[in-house]
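Undergrad: Supplied in structure tokens, the structure appears directly below.
The values are calculated or read from the model by the stated rules, or taken from the named source; none is laboratory data. If you're wondering where the values come from, they're calculated on a predicted model, not measured in any experiment. All Cβ positions, glycine included, derive from the backbone under ideal geometry; neighbour counts span all protein chains shown.
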Amino acid sequence: MQKIILWGNGDMTQILEYYINKDNAFEICAYTMDREYIKEKSFNSKPVIPFDEIEKHFSPQEYQLGIFMSAKKLNKIREEKYNQAKAKGYTCIKYISKNATCDATKVGENVFILPYTTVQPFCKIGNNVIIWPQAHIGHHTIVGDNCFFAIPKISGYCEIKNNCFLGTNCTLADHVKIGAYSIIGAGAVVTKNIKDKSVLAVKQTPKLEMSSFELEDLIQ
């Protein structure tokens, strides 16, 4: 079983560790993060090692890294850590849940495809991509590097450039191209190509001018 080190010890790392342990996919041996954020020297009975000296304790020839971080700053923070790991000579893991269906032609490294996601045939997924549970990626779709998908529904022949965020239940029609560094908000519907750094968002549903108890009285 491949021995790995996970980045961080926060909520995101706990979620990933839960899925990895459930699948018995890797042997988690340690955690790492930037030195200034380390408050405890151990987590889950395993060492927490400053990233600036990680290779002194865990050789890149024997251990791989898993960097499972949020989409903050359009994934630039996760991209930076991934590039730093590569500069140290580490290979990053590829985790595809046993409960996901992934028929992609290509899947990069530091990619996480979580349970009940469907990736249809002939898709290509770049490096450093997180795909949240129950996402759908249609056939022949190309996903760039450093993306975060929070349960989108993507049709066939789409192309999503680098560092994009796709929100929960957004929908992409066939053949749509999403420019780099774009944000597609929850529930948005995209039927045409959009340029780099675009934002598509749906307004919140208006609040009714009544209480929940008043509504309950109306529908009974």
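Undergrad: Filter segment 47-79 for residues that are over 15 Å from the mean Cα position of the chain (by Cα) and in a helix (DSSP H, G or I) and give the result.
TA: PHE51, ASP52, GLU53, ILE54, GLU55, LYS56, HIS57
Undergrad: Just give me the residues in segment 157-195 being in a loop (DSSP other than H, G, I, E, B), out of contact with any Pro (no Cβ under 9 Å at 6 or more places or on another chain) and under 13 Å from ILE137 (Cα atoms), in sequence order.
TA: TYR157, CYS158, ALA173, ASP174, HIS175, VAL176 - these are the residues of segment 157-195 that are in a loop (DSSP other than H, G, I, E, B), out of contact with any Pro (no Cβ under 9 Å at 6 or more places or on another chain) and under 13 Å from ILE137 (Cα atoms).
Undergrad: Here's something else I'd like to know. ALA173: farther than 23 Å from TYR82 by Cα and either in contact with a helix residue (DSSP H, G or I) (Cβ under 7 Å, 6 or more places away or on another chain) or not acidic (Asp, Glu) (or both), yes or no?
TA: Yes, satisfied.
Residue-wise test of (1) of a type in the set (Asp, Glu); (2) more than 29 Å from CYS164 (Cα to Cα); (3) touching a strand residue (DSSP E or B) at 6+ places or on another chain (Cβ under 6 Å); (4) surrounded by fewer than 20 Cβ atoms within 10 Å (Cβ to Cβ).
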| residue | (1), (2), (3), (4) |
| --- | --- |
| MET1 | no, yes, yes, yes |
| GLU53 | yes, yes, no, yes |
| GLY89 | no, no, no, yes |
| CYS92 | no, no, yes, no |
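Undergrad: All but one of (1) buried (at least 19 other Cβ atoms within 10 Å of the Cβ); (2) at pLDDT below 95 hold for ILE184, so report the exception by its number.
TA: (2)
Undergrad: Next question. Please find, among ILE38, ILE67, ILE49, ILE4, the residue that is out of contact with any helix residue (DSSP H, G or I) (no Cβ under 9 Å at 6 or more places or on another chain) and β-branched (Val, Ile, Thr).
TA: On inspection, the qualifying residue turns out to be ILE38.
Undergrad: Now, a different point. Give me the pairs: first residue in segment 128-144 and at positive phi, second residue part of a strand (DSSP E or B) and of a type in the set (Val, Ile, Thr), beta-carbon distance under 9 Å, and six or more apart or on different chains, which are they?
TA: Partner pairs satisfying both residue conditions: ASN128/VAL111; GLN134/THR118.
Undergrad: Within segment 112-127, restricting attention to residues that are touching a residue at least 24 places away in the same chain (Cβ under 8 Å) and in contact with a Gly (Cβ under 7 Å, 6 or more places away or on another chain), which residue is surrounded by the fewest Cβ atoms within 10 Å (Cβ to Cβ)?
TA: Restricting to residues being touching a residue at least 24 places away in the same chain (Cβ under 8 Å) and in contact with a Gly (Cβ under 7 Å, 6 or more places away or on another chain), the top hit is GLN120.
Undergrad: Give the residues of segment 80-126 that are farther than 17 Å from TYR31 by Cα, assigned to a strand (DSSP E or B) and touching a Lys or Arg at 6+ places or on another chain (Cβ under 9 Å), sorted by residue number.
TA: Scanning segment 80-126 gives LYS106, VAL107, VAL111, PHE112, ILE113, LYS124, ILE125.
Undergrad: Right, something else. If ILE38 satisfies all but one of (1) surrounded by 15 or more Cβ atoms within 10 Å (Cβ to Cβ); (2) in contact (Cβ under 8 Å) with a residue 24 or more places away in the chain; (3) aliphatic (A, V, I, L, M), what's the number of the condition it fails?
TA: Here ILE38 clears every test but (2).
Undergrad: Just one of ASN169, ASN146, ASN163, ASN193 is within 29 Å of TYR95 (Cβ to Cβ) and surrounded by fewer than 18 Cβ atoms within 10 Å (Cβ to Cβ); which is it?
TA: Criteria check complete, one pass: ASN169.
Undergrad: Of the residues that sit in segment 198-215 and are part of a helix (DSSP H, G or I) and loosely packed, with under 10 Cβ neighbours inside 10 Å, which one is modelled with the lowest pLDDT?
TA: Looking at residues that are part of a helix (DSSP H, G or I) and loosely packed, with under 10 Cβ neighbours inside 10 Å, I get SER212.
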